[in-house]
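Visitor: The structure follows.
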């Protein structure tokens with residue numbers, strides 16, 4: 001339902017001490033710089049774009065929307081933002097939270113109601129992870145709604161850590177070397193997905209959300225989070241990061257620095273055509289062994 005006409009209310013950020021204000025300003029600049037670099041590196045937003053910003057009620061999507069609104073005022077190109085939340089009718093979902101928050105912002109927003117929760121509960125056997133089907137249904141709903149809105153870009157709130165976790169999930173459980181690309185053309189070529197937070201650390205986004213006091217909606221309403229493979233991967237990476245600080249960033253850099261010839265996928269590199277190239281006219285004198 002469209003809700004841009006609701007009365008605007010201001011969400012007040014808690015008062016900060018001088019030290020906290022300094023730290024907050026540094027953090028905010030870093031996040032905006034990281035988002036700006038990602039937008040530039042992957043040409044995520046162009047002049048005249050209408051960007052549908054998907055809001056879940058979690059810290060990441062709140063931060064993404066906040067930063068994009070700020071960057072829009074100083075961006076070298078003119079683009080439009082519209083916020084969209086998909087209400088999947090999960091039990092206990094606080095329907096009033098996002099409309100109340102979004103009413104305080106100077107952008108149009110929509111609450112899209114789709115009862116995908118009931119479908120997932122009917123299809124997925126008890127005890128099995130529901131996330132795969134839930135994600136596909138959510139993606140399909142958002143893709144279709146973007147076309148209705150005339151939005152040519154869909155912004156999702158996945159950050160650097162999400163991308164690295166997905167890399168290991170696919171390696172460990174699917175036998176494939178792939179992650180989440182910062183920019184993606186959908187299979188039907190009708191939607192372009194962008195991830196403006198691709199260069200942002202989850203830790204920074206969590207701290208930013210605390211400073212901004214966003215009205216966070218829990219992500220475990222479906223009750224399936226505790227047993228997810230992603231949780232195990234997250235714990236593994238956290239242990240690595242404690243033992244070797246900076247490892248997550250190094251892994252992320254490797255995603256952006258791929259050498260197909262050093263892997264084994266013949267669809268990405270023509271191994272079959274490899275041949276030696278030698279100059280037959282080059283004369284190399286024989287090496288004689290001399291006993292001393």
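Every number in this text was worked out from the coordinates using simple rules, so none of it is lab data. The shown structure was predicted, so the numbers you read here are calculated from the model rather than taken from an experiment. Glycine also receives a Cβ, built like all others from the backbone with ideal geometry; neighbour counts cover every protein chain displayed.
Visitor: For a Förster distance of 45 Å, can you work out the FRET efficiency between the beta-carbons of residue 289 and residue 173, rounded to the nearest 0.05? Working shown, then result.
Guide: On the way: r = 56 Å, r/R0 = 1.25.
Computed FRET efficiency for residue 289 and residue 173: 0.20.
Visitor: Per 0.36 nm of contour for each residue apart, how much would the distance between residue 93 and residue 185 grow if the chain were fully extended, relative to their Cα-Cα spacing?
Guide: Values: separation 92, 0.36 × 92 = 33.12 nm, distance 3.08 nm.
Working it through step by step, the gained length comes to 30.0 nm.
Visitor: Now a separate question. Taking only DSSP H segments of four or more residues, each worth -39500 (n - 2.57), what value at 222 nm results for the chain once the sum is divided by all its residues, to the nearest 500 deg cm²/dmol? Kindly include the intermediate steps, with their values, before the conclusion.
Guide: Numbers: 9 runs with 116 residues, N = 292.
Dividing the helical sum by the residues of the chain leaves -12500 deg cm²/dmol.
Visitor: Could you list 265, 272, 204 in order of exposure, starting from the residue whose Cβ has the fewest other Cβ atoms within 10 Å? Intermediate values should be presented prior to the final figure.
Guide: Working: 265 10, 272 7, 204 18.
Ordered by Cβ neighbours within 10 Å, fewest first: 272, 265, 204.
Visitor: Same structure, new question: Once the piece of chain linking residue 135 and residue 206 is laid out straight, how much longer is it, given 0.36 nm per residue of separation minus the C-alpha distance between them? Before the final figure, lay out the partial values.
Guide: Numbers: separation 71, 0.36 × 71 = 25.56 nm, distance 2.28 nm.
Length difference between fully extended and current span is 23.3 nm.
Visitor: Is the shape of region 61-201 rounded, prolate or oblate, going by the alpha carbon gyration tensor and its root eigenvalues a ≥ b ≥ c, with a/c under 1.5 for rounded and a/b larger than b/c for prolate? Before the final figure, lay out each step's value.
Guide: Numbers: a/c = 1.74, a/b = 1.19, b/c = 1.46.
Because a/c hits 1.5 or more and a/b fails to exceed b/c, region 61-201 counts as oblate.
Visitor: Mind grabbing the base-10 log of I(q)/I(0) for region 149-292 at q = 0.09, 0.13 Å⁻¹? Debye formula, identical points on the C-alpha positions, no solvent, two decimal places.
Guide: Normalising to I(0) and taking log10 leaves -0.47, -0.80.
Visitor: Something else about it: Suppose a student asked you for the relative contact order of the chain, using Cα pairs under 8 Å spaced at least 6 residues apart; what percent would you report?
Guide: Value for the chain: 23 percent.
Visitor: Give me 255, 119 ranked fewest to most by other Cβ atoms within 10 Å of their Cβ, as a rough exposure proxy. Before the final figure, lay out each step's value.
Guide: Details: 255 19, 119 15.
Ranking 255, 119 by Cβ neighbours within 10 Å, fewest first, gives 119, 255.
Visitor: Mind checking which of 104, 40, 73 has the largest fluctuation in a GNM of the chain, springs on alpha carbons under 10 Å?
Guide: Highest fluctuation of the listed residues: 73.
Visitor: As an exercise, use a Förster radius of 51 Å and the Cβ-Cβ distance of residue 250 and residue 281 to find the FRET efficiency, rounded to the nearest 0.05.
Guide: Numbers: r = 46 Å, r/R0 = 0.89.
It comes to 0.65.
Visitor: Let me ask something additional. Among 235, 201, 267, what is the fewest-to-most ranking by other Cβ atoms within 10 Å?
Guide: Working: 235 10, 201 18, 267 6.
In order of increasing Cβ crowding within 10 Å: 267, 235, 201.
Visitor: Could you tell me the calculated FRET efficiency between residue 74 and residue 121, based on Cβ-Cβ distance and R0 = 45 angstrom, to the nearest 0.05? Mind showing how you got there, number by number?
Guide: Values: r = 45 Å, r/R0 = 1.01.
It comes to 0.50.
Visitor: Indicate, rounded to the nearest 5 percent, the antiparallel portion of the DSSP beta bridges found entirely in region 18-262.
Guide: Numbers: 3 of 19 bridges.
Within region 18-262, antiparallel bridges account for around 15 percent of the total.
Visitor: If packing is taken as the average count of other Cβ atoms within 10 Å, what order do 49-61, 81-93 fall into, highest mean first?
Guide: Going by the mean number of other Cβ atoms within 10 Å, highest first, we get 49-61, 81-93.
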